[in-house]
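Step one of this worksheet: look at the structure below.
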Amino acid sequence: MTDDQYDFESIAVGAGEERPRADTKDVVTPVHLSATFGLDAAGYPEEGYTYTRHGNPTRDRLEDRLADLSNAARVFAASSGMATVSTVCLSLLGPGDRVVAADSLFGGTKQLFDEFLTGFGVEVSYVDATDPENVADALGPSAELVWVESPTNPLLKLCDIEALGELSDEHGATLVVDNTFATPYAQRPLDLGADVSVLSTTKFVNGHTDSVGGAIAVADADLSEQFGFVLRDVMGAPLSPFDSYLVLRGLKTLPARMESHQRNATEVAAFLADHESVAAVNYPGLRSHPDHDLAARQMDNYGGVVTFEIDGDGAETRAFVEELDVFELAMSLGGVESLVEHTASMSAASLSPAERETAGIPDSLVRLSVGLESPDDLIPDLAAALDEV
Ligand SMILES: Cc1ncc(COP(=O)(O)O)c(C=O)c1O
């Protein structure tokens, strides 16, 4: 931790932070909704608050706390996870630049690369980044950016962040890791050698399915100026004060929630792995996961997402997800409530069948976000729906 006086759990609830206002001694950070702030004199002051798009006390508090938890020089809170992806790309890439990207990526990121960046003359080379050798082969002298997720959405593949950090350094490229599924509680990419870490706070970090947001963590303060300019002045997409308050509140229980997510997901994954109607299960905490040893090395918690393939076709898989009661059919993850999706027709719907095949997303794939309900309710729900189809 940057603040080596306290543990992660203590920093998450704000231990040791100075109170924002000495006069009221607020225990909870107040929501500063003011869009603008009064000035003592005409002109643009070097310090203090001027306008909420440029700086806001509630958002500053969140960014500082996330920076401590991520061991980052600076964090920027953005209005969505996609706003963080766009900010990093618009800040670091220009015509003629090249990105080496993992071939297993969140659909929105892939869409941004394929349908937007390439229009600006940026070349994107996709490789299987689970093997660092593939990234080394693709890097060459010309790549500016290496972009990976770990674990990936939806296949829960892992990348060796330390090895990729060394490779990126050798080639003068910037390594960006999407840490949405792990959160800083489970994995701190900057400690492992990444230059930038992005995540969607919409998922586990906020954890209550009531706020859309994102955060960019940078290892080196030198990158901060450009990221701040693009996020606030070009895209105009920093996180709102109220969402900043919600994420600050969510962060306080992140360690406790992640422990419960992991406990429940482990039970669910073990149940599915033993079921005759299940063809394959993906969960980094399972010994059968191809990168379980890497997960044990670079993660402190295996998270709450489990994906699996039904031994059946697309119609049977859709029937299964519609049959569940405790798992709600909805397209997000990381909240306290368990959600299920049929990936091919939901979060990967923007991909063509051929692209889904290349991405390894079969029609029989189901993604579970295992919440905090009792496994004694979650597992019978899955068992009944599997029996039904
Ligand atoms: C890995 C990953 N990165 C980024 C995003 C985008 O986040 P948001 O929906 O908050 O824009 C998502 C959303 O599901 C995601 O799963």
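The values are calculated or read from the model by the stated rules, or taken from the named source; none is laboratory data. What you are looking at is a predicted structure, and each value in this text was computed from that prediction instead of being measured. Methodologically, a virtual Cβ is constructed for each residue, glycine included, from the backbone with ideal geometry; neighbour enumeration extends over all protein chains shown.
Which one of the conditions (1) out of contact with any Pro (no Cβ under 8 Å at 6 or more places or on another chain); (2) in a loop (DSSP other than H, G, I, E, B) does residue 101 fail to meet, given that it meets all the rest?
Unmet for residue 101, out of (1) out of contact with any Pro (no Cβ under 8 Å at 6 or more places or on another chain); (2) in a loop (DSSP other than H, G, I, E, B): (2).
Counting just the residues of the stretch 32-56 that are surrounded by 16 or more Cβ atoms within 10 Å (Cβ to Cβ) and over 16 Å from residue 237 (Cα atoms), which one comes out farthest from the chain's Cα centre (by Cα)?
Looking at the filtered set, the residue picked out is 37.
Would a scan of the stretch 79-98 turn up a residue that is assigned to a strand (DSSP E or B) and either in the same structural domain as residue 233 (by TED's automatic domain parsing) or not small (Gly, Ala, Ser) (or both)?
At the first step, the residues of the stretch 79-98 found to be assigned to a strand (DSSP E or B) are 98.
Filter again for either in the same structural domain as residue 233 (by TED's automatic domain parsing) or not small (Gly, Ala, Ser) (or both), leaving 98.
Yes, that holds for at least one residue.
Taking the conditions exactly as written (within 21 Å of the chain's Cα centre (by Cα) and either within 16 Å of the ligand (Cβ to nearest atom) or loosely packed, with under 15 Cβ neighbours inside 10 Å (or both)), does residue 341 satisfy them or not? Outline the logic, then answer.
Details: within 21 Å of the chain's Cα centre (by Cα): yes; either within 16 Å of the ligand (Cβ to nearest atom) or loosely packed, with under 15 Cβ neighbours inside 10 Å (or both): yes.
Taking the combined requirement at face value, the residue satisfies it.
Residue by residue, here is whether (1) under 21 Å from the mean Cα position of the chain (by Cα); (2) in contact (Cβ under 8 Å) with a residue 60 or more places away in the chain holds:
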position	(1), (2)
120	no, no
125	no, no
159	yes, no
162	yes, yes
180	yes, yes
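Taking the stretch 234-262 as the search range and keeping residues that are of a type in the set (A, V, I, L, M) and outside any helix (DSSP H, G or I), which one is surrounded by the most Cβ atoms within 10 Å (Cβ to Cβ)? Even if it seems obvious, please write down each step before you answer.
Within the stretch 234-262, the first condition is being of a type in the set (A, V, I, L, M), and the residues that meet it are 234-235, 237, 239, 246-248, 251, 254, 256, 258.
Among the residues that remain, those that are also outside any helix (DSSP H, G or I) are: 235, 237, 239.
On the way: 235: 15, 237: 19, 239: 28.
Only one residue tops the list, namely 239.
What is the residue count in the stretch 9-27 for residues that are in contact (Cβ under 8 Å) with a residue 60 or more places away in the chain and either assigned to a loop (DSSP other than H, G, I, E, B) or not charged (D, E, K, R) (or both)?
Looking only at the stretch 9-27, we keep the residues that are in contact (Cβ under 8 Å) with a residue 60 or more places away in the chain, and these are 9, 12-14.
Of the ones still in play, those that are also either assigned to a loop (DSSP other than H, G, I, E, B) or not charged (D, E, K, R) (or both) are 12-14.
So the answer is 3.
Answer yes or no as to whether residue 334 is within 16 Å of the ligand (Cβ to nearest atom), touching a residue at least 60 places away in the same chain (Cβ under 8 Å) and out of contact with any Lys or Arg (no Cβ under 7 Å at 6 or more places or on another chain). Let's see the steps before the verdict.
Numbers: within 16 Å of the ligand (Cβ to nearest atom): yes; touching a residue at least 60 places away in the same chain (Cβ under 8 Å): yes; out of contact with any Lys or Arg (no Cβ under 7 Å at 6 or more places or on another chain): no.
No; evaluated as a whole, the condition is false for this residue.
For (1) modelled with pLDDT of 95 or more; (2) closer than 27 Å to residue 351 by Cα; (3) assigned by TED's automatic domain parsing to the domain that holds residue 333, each residue gets a yes or a no:
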| site | (1), (2), (3) |
| --- | --- |
| 128 | yes, yes, no |
| 142 | no, no, no |
| 149 | yes, yes, no |
| 167 | yes, no, no |
